[in-house]
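What follows is a set of notes on a single structure, which appears directly below.
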Amino acid sequence: MIIRGYHPFHGIFLTLLLAVCAQPLLHAQTIRWELQDSLVITTVPGFPATASFSSIDCSDSLNCIATGAVGNVYSLIHTTTDGGKHWKTVILDSAEISPVVKVALRLKTIKFLTPTTAVIITDSGAVLRTSDAGTTWNRIETGTKSNLKALSVFDPAHIAVIGYPKTIAVSSDSGKTWEILPAPSDSASLQWGVGGIALTSPKGMVLTLGGDTGSIYLNEDISKPWPTPQPFTSTPNIFFLNKQDGWAVGRKMFGPAYNAYDIIRRTYDGGKTWETVVNDSIDPAYGLITAKFLDDQHGVAIGFFGKVLLTHDGGKTWKPNNIVAPKTNFIEFAYPTKNHIWIATVFGQIFHGTISETSGVHSENSNQTTAAIIPNPADKRAVLLLDPSEQELHSISIVDALGKQWLSLSKEEAMMNNGQIFLNTEALPAGQYFVSIHKGNTIQTLPLTIVQ
């Protein structure tokens, strides 16, 4: 059901789309999310700050390590050995990590190479390495002080990283020693700010640079000069399962409210040709960050503000399994088995998802709540109508595409007028918004577009 309202004198257009008759998804995979941990560190001796995770990886369904920072001075490592039932936090003064180098580290992406060996890239060109599953760590200099951005692992021995400004480093001994590679020098490489890297063989590398007007480099032998790049737009982040099978994810911005189309592409020939499998604005409309695949069928893609997409047919179709939480933003995730996924957020949270295959799964919007919206541009407001007998309602909010909250009403405020909820739109700039109806353990999200 689509309900629209337009007032020719004020030029305000509101659209609300309600999926009231969702069709069942047969044999769809779903994720049951639980908040395993919420790490709140308000004070570190001599330095008050808040914890923030940047990455997480798991060697199996029991052993995981999350990385991050407390402010810009302290490094944060968060570990579990029992599948997340218990977590241990280690806060390290970066200058104390052996060998002592007086440069603060902000820990970024972590990858397990074996059940006991893992590496972490940092913002200062160094790599932290453990060979005892995270009990002890050694700092290894890569030969650069660049801000390392992305990490790719082909096998336990061969690793590659990309950094800013213009840095590519590789290791062939599990991260013990590193070699700096010459970066591409053509004009396309000037857009170095956004990039992705994937090792497709011990010597093969795929490199993406730039965003909406980016390029892709396909190098079959990194000991040789870089080949001429090809145009590659909107999908800077890449993941390759092997030399042939790869995926690229990203976003393409549109509209004054900074909405984004989700972009997913698929290659079967090592990146020579790409098929676009997703080009859509999927709620929440903030775009995608990265993707991982266990095999050529099972994969996960994540986006901003809780977006999680799941596929079990090689990326031909994707099903949203979002994390619904007031504060949910993340950069990386762990996907060690077909049944488990872990996500560590920038707000110090650890979410665990149990993946199951079910039949007859319905959209969350197919619940029994009756909702309708009546635009009233003349009064610069809209009226949201809810069933006055709704007992599980907690609150109602309006957020924009960047997650900024513009309006919040408690249950008592919302139900003052027997289910008629007045939404003041006067302060809302033109763009895409979302009306979130918080009830019980769920949130029903309805898109709201304002054009002035």
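The values are calculated or read from the model by the stated rules, or taken from the named source; none is laboratory data. None of the values given here were measured: they were computed from a predicted structure. Cβ sites come from the backbone with ideal geometry, for glycine too, and all protein chains shown count toward neighbours.
Looking only at strands (runs of 3 or more DSSP E) that lie completely in region 111-152, which have at least 3 residues being of a type in the set (D, E, K, R) and not assigned by TED's automatic domain parsing to the domain that holds ALA66? Please lay out each step first, then the result.
Details: elements: 118-122, 126-130, 138-141.
Output list is empty.
Which condition number in (1) out of contact with any helix residue (DSSP H, G or I) (no Cβ under 8 Å at 6 or more places or on another chain); (2) buried (at least 23 other Cβ atoms within 10 Å of the Cβ) is the one that LEU105 fails?
All conditions pass for LEU105, except number (1).
Just checking, how many residues over region 268-303 are in a strand (DSSP E or B) and over 19 Å from GLY353 (Cα atoms)? Walk me through it before giving the result.
Quick first cut of region 268-303, residues in a strand (DSSP E or B) only: 275-280, 286, 288-293, 299-303.
In the following step, the residues that additionally are over 19 Å from GLY353 (Cα atoms) were identified as 275-280, 286.
So the count comes out to 7.
Could you check, for region 317-334, whether at least one of its residues is among the aromatic types (Phe, Trp, Tyr) and closer than 21 Å to ILE65 by Cβ? Step through it out loud before you land on a result.
Within region 317-334, the subset among the aromatic types (Phe, Trp, Tyr) is 318, 330, 333.
After this cut, where a residue has to be closer than 21 Å to ILE65 by Cβ as well, the list is 330, 333.
Within region 317-334, one or more residues are among the aromatic types (Phe, Trp, Tyr) and closer than 21 Å to ILE65 by Cβ.
Are any residues in region 137-168 surrounded by fewer than 19 Cβ atoms within 10 Å (Cβ to Cβ) and of a type in the set (Gly, Ala, Ser), and if so, which ones?
GLY143, ALA157
Take the residues of region 249-266 that are under 23 Å from TRP342 (Cβ atoms) and either modelled with pLDDT of 90 or more or hydroxyl-bearing (Ser, Thr, Tyr) (or both): which is nearest to the chain's Cα centre (by Cα)?
VAL249
What residue, among those in region 267-282 that are among the polar types (S, T, N, Q) and closer than 13 Å to TRP318 by Cβ, is modelled with the lowest pLDDT?
Restricting attention to region 267-282, the residues satisfying the condition of being among the polar types (S, T, N, Q) are 267, 273, 276, 279, 281.
Now restrict to residues that are closer than 13 Å to TRP318 by Cβ: 276, 279.
Working: THR276: 91, ASN279: 86.
Looking at residues that are among the polar types (S, T, N, Q) and closer than 13 Å to TRP318 by Cβ, I get ASN279.
Mind telling me which of the residues ALA372, ALA344 ends up being at pLDDT 90 or above, part of a strand (DSSP E or B) and of a type in the set (Gly, Ala, Ser)? Steps first, answer last, please.
On the way: ALA372 fails: at pLDDT 90 or above.
Answer to the check: ALA344.
What number of residues within region 150-200 satisfy the criterion of being among the charged types (D, E, K, R) and at pLDDT 90 or above?
Qualifying residue count for the region: 4.
Within the group PHE9, PHE13, PHE53, which residue is modelled with pLDDT under 55, buried (at least 16 other Cβ atoms within 10 Å of the Cβ) and either outside the structural domain of PHE333 (by TED's automatic domain parsing) or not in a helix (DSSP H, G or I) (or both)?
Numbers: PHE9 fails: buried (at least 16 other Cβ atoms within 10 Å of the Cβ); PHE53 fails: modelled with pLDDT under 55.
Only one candidate qualifies: PHE13.
Of all residues in region 225-267, which are in a strand (DSSP E or B) and either outside the structural domain of ALA291 (by TED's automatic domain parsing) or of a type in the set (A, V, I, L, M, F, W, C) (or both)? So that I can check it myself, show each step before the final result.
Within region 225-267, the first condition is being in a strand (DSSP E or B), and the residues that meet it are 230-231, 237-240, 246-254, 259-267.
Correct list: ILE238, PHE239, PHE240, TRP247, ALA248, VAL249, MET253, PHE254, ALA260, ILE263, ILE264.
Being in contact with an Asp or Glu (Cβ under 8 Å, 6 or more places away or on another chain), farther than 16 Å from GLY250 by Cα and among the aliphatic types (A, V, I, L, M) is the filter here; which residues of region 307-342 pass it?
ALA334
Conditions tested, residue by residue: (1) without any contact (Cβ under 8 Å) to a residue 12 or more places away in the chain; (2) in contact with a strand residue (DSSP E or B) (Cβ under 9 Å, 6 or more places away or on another chain); (3) under 29 Å from SER61 (Cα atoms); (4) crowded, with 23+ Cβ neighbours inside 10 Å.
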site: THR273; (1), (2), (3), (4): yes, yes, no, no
site: VAL277; (1), (2), (3), (4): no, yes, no, no
site: SER281; (1), (2), (3), (4): no, yes, no, no
site: ALA285; (1), (2), (3), (4): no, yes, no, yes
site: ILE289; (1), (2), (3), (4): no, yes, yes, no
site: LEU294; (1), (2), (3), (4): no, yes, yes, no
site: ILE302; (1), (2), (3), (4): no, yes, yes, yes
site: LYS316; (1), (2), (3), (4): no, yes, yes, no
site: PRO320; (1), (2), (3), (4): no, yes, yes, no
